[in-house]
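Asker: Dropping a structure here in structure tokens format, bear with me for questions.
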Amino acid sequence: MIVVLKHGVTEEKKQQLIAWLQALGLRIHISDGEFQTVLGLIGDTSSVDIDLVESLEIVDSVKRVTEPFKCCNRKFHPESLVVEIGDVKVGAGNFAMIAGPCSVESEEQIVSVAKSVKAAGATMLRGGAFKPRTSPYDFAGLKAEGLELLKIARKETGLPIVTELMNIMDLPLFDDVDVIQVGARNMQNFDLLRELGRLDKPILLKRGLANTLKELLMSAEYIMANGNERVMLCERGIRTFSDYTRNTLDLAAVPMLHQLTHLPVIVDPSHATGIAKLVPPMALAATAGGADGLIIEVHNDPIHALCDGAQSLRPEEFAELAEKVRSIRGIVA
Ligand code: PEP
Ligand code: MN
């Protein structure tokens with residue numbers, strides 16, 4: 001349930017109402033916007049007398065929120081969320097350009113890619129140190145050493161680092177990571193999500209291979225209900241009957257999610273297509289469709305990449321794409 005307060009209500013009256021609602025056993029989420037204050041009521045609202053609340057002098061309107069997701073519901077937060085990662089902002093008109101290799105392979109590789117994507121206008125560096133791989137015989141990342149190499153690349157370029165955490169046991173290693181990525185395969189690892197909810201760190205939550213938007217939002221809810229509100233969603237393609245692409249990029253998810261939630265929506269055209277040539281057109285389409293950012297795999301030597309070379313752009317291809325993304329942003333932003 002949400003309670004929209006009238007414009008100009010005093011802090012004292014607002015706090016009185018909040019205390020009264022809390023006494024009914026509810027948690028209250030306060031969204032103080034420029035034009036209105038919205039109180040989001042979380043918990044069993046069956047004991048709330050809607051007519052009574054609506055009749056209060058300071059209340060403008062009361063609405064039931066029927067969706068099962070509350071914390072990430074746009075009805076609770078009419079204004080889009082801006083996630084701040086140091087000086088980098090994402091959401092509400094701030095566009096994220098996250099680029100880097102699928103996996104961190106060596107210091108030379110990650111530093112060189114970081115420098116080239118930074119020069120091309122990237123705002124954050126991606127790179128996997130802990131890699132979920134379909135085959136147990138494939139390269140699964142440099143693990144703790146990979147995280148150290150990412151930090152070196154950050155020091156060299158100033159780019160915040162985005163990297164995947166697969167197992168909660170590894171969390172202590174991620175203290176100095178700027179954004180923790182939850183991979184598609186872990187989108188419904190509820191224990192992991194709960195733990196990430198206790199952190200004061202932005203989370204990039206990728207949509208599962210076969211998950212609905214409602215399920216994605218319920219996963220965001222796990223993180224947020226535990227206290228961490230800094231969640232960014234990522235559409236990375238879903239499993240369909242597509243035969244020539246790795247996945248199917250669900251671009252309608254972007255405007256749909258914008259209606260449902262205030263969280264930023266990032267698009268990953270690399271995993272969505274699996275083919276480097278398809279990455280630029282899909283990245284541009286996502287930008288035109290209102291995405292709050294892109295996450296793109298870039299490798300200095302894609303043919304010899306230890307993971308996802310076929311979908312990785314070369315640095316110069318990324319630079320060309322970044323230029324075009326800026327042009328599209330000039331039109332749609
Ligand atoms: C990745 O970003 O390298 C990755 C493994 O992505 P996803 O979880 O979307 O497959
Ligand atoms: Mn990858």
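Asker: For the range 80-91, what does the Karplus curve 6.51 cos²θ - 1.76 cosθ + 1.60, with θ = phi - 60°, yield as ³J(HN,Hα) per residue in whole Hz, taken in order and with x for Gly and Pro?
Answerer: Whole-Hz 3J(HN,Hα) from phi for the range 80-91: 4, 7, 10, 8, 9, 10, x, 7, 8, 10, 10, x.
Asker: Also, quick follow-up: So if each residue of separation counts as 0.36 nm, and I subtract the Cα-Cα distance between Asp44 and Asp200, what length gain in nm does that give?
Answerer: 53.4 nm
Asker: Something else about it: Taking a ≥ b ≥ c as the square roots of the eigenvalues of the Cα gyration tensor of the range 241-333, is the shape rounded (a/c under 1.5), prolate (a/b larger than b/c) or oblate?
Answerer: oblate
Asker: Choose one of Met187, Ile275, Leu41: the residue whose Cα lies farthest towards the positive end of the charge dipole of the chain (beta-carbon charges +1 Lys, Arg; -1 Asp, Glu; about the Cα centre).
Answerer: Ile275
Asker: Order of 109-117, 300-308 by packing, highest average Cβ count within 10 Å first?
Answerer: Result, highest mean Cβ count within 10 Å first: 109-117, 300-308.
Asker: Still on this structure, I have one more. Per residue, how large is the accessible surface of the chain? Use a 1.4 angstrom probe and give square angstrom.
Answerer: 44 Å²
Asker: Could you check how many percent of all C-alpha pairs in the chain are farther apart than 31 Å?
Answerer: 34 percent
Asker: Work out the length of the dipole vector of the range 2-63 about its Cα centre, built from +1 on the beta-carbon of each Lys and Arg and -1 on the beta-carbon of each Asp and Glu, and round it to the nearest 20 debye.
Answerer: Computed charge dipole of the range 2-63: roughly 120 debye.
Asker: Let me ask you something else. Taking every DSSP beta bridge that has both residues in the chain, what percent is antiparallel when rounded to the nearest 5?
Answerer: 40 percent
Asker: So which of Lys75/Lys155; Lys131/Lys324; Lys118/Lys214; Lys131/Lys214; Lys131/Lys277; Lys118/Lys277 end up more than 32 Å apart by C-alpha?
Answerer: Pairs exceeding 32 Å: Lys75/Lys155; Lys118/Lys214.
Asker: Are there any chymotrypsin sites (Phe, Trp or Tyr not before Pro) in the range 205-281 that are in a DSSP loop and have at most 13 other Cβ atoms within 10 Å? List them by number.
Answerer: Within the range 205-281, the qualifying chymotrypsin sites (Phe, Trp or Tyr not before Pro) (loop, at most 13 other Cβ atoms within 10 Å) are Phe241, Tyr244.
Asker: In nm, what is the difference between 0.36 nm times the number of residues separating Leu173 and Phe190 and their Cα-Cα distance?
Answerer: The span from Leu173 to Phe190 would gain 4.1 nm if fully extended.
Asker: I would also like to ask the following. Over the chain, what relative contact order in percent results from Cα pairs under 8 Å that are six or more residues apart?
Answerer: Contact order relative to length: 16 percent.
Asker: With loop defined by DSSP as not H, G, I, E or B, and exposure as at most 14 other Cβ atoms within 10 Å, which is the longest segment of the chain clear of exposed GluC sites (Glu not before Pro)?
Answerer: The longest such stretch corresponds to 58-333.
Asker: In the range 2-63, carbon and sulfur make up what percent of the accessible area (probe 1.4 Å)?
Answerer: Ligands and nucleic acids excluded, carbon and sulfur give 50 percent.
Asker: So, with a 1.4 angstrom probe, what is the percent of accessible area on the range 83-332 that is carbon and sulfur?
Answerer: C and S atoms contribute 54 percent here.
The values are calculated or read from the model by the stated rules, or taken from the named source; none is laboratory data. Note that the coordinates shown come from a computational prediction; the quantities given were computed from them, not determined experimentally. Cβ: placed from backbone, ideal geometry, glycine included. Neighbour counts: every protein chain shown. Accessible surface is based on the protein model in full, side chains and every heavy atom, while ligands, DNA and RNA are left aside. Shrake-Rupley method; radii C 1.70, N 1.55, O 1.52, S 1.80 Å.
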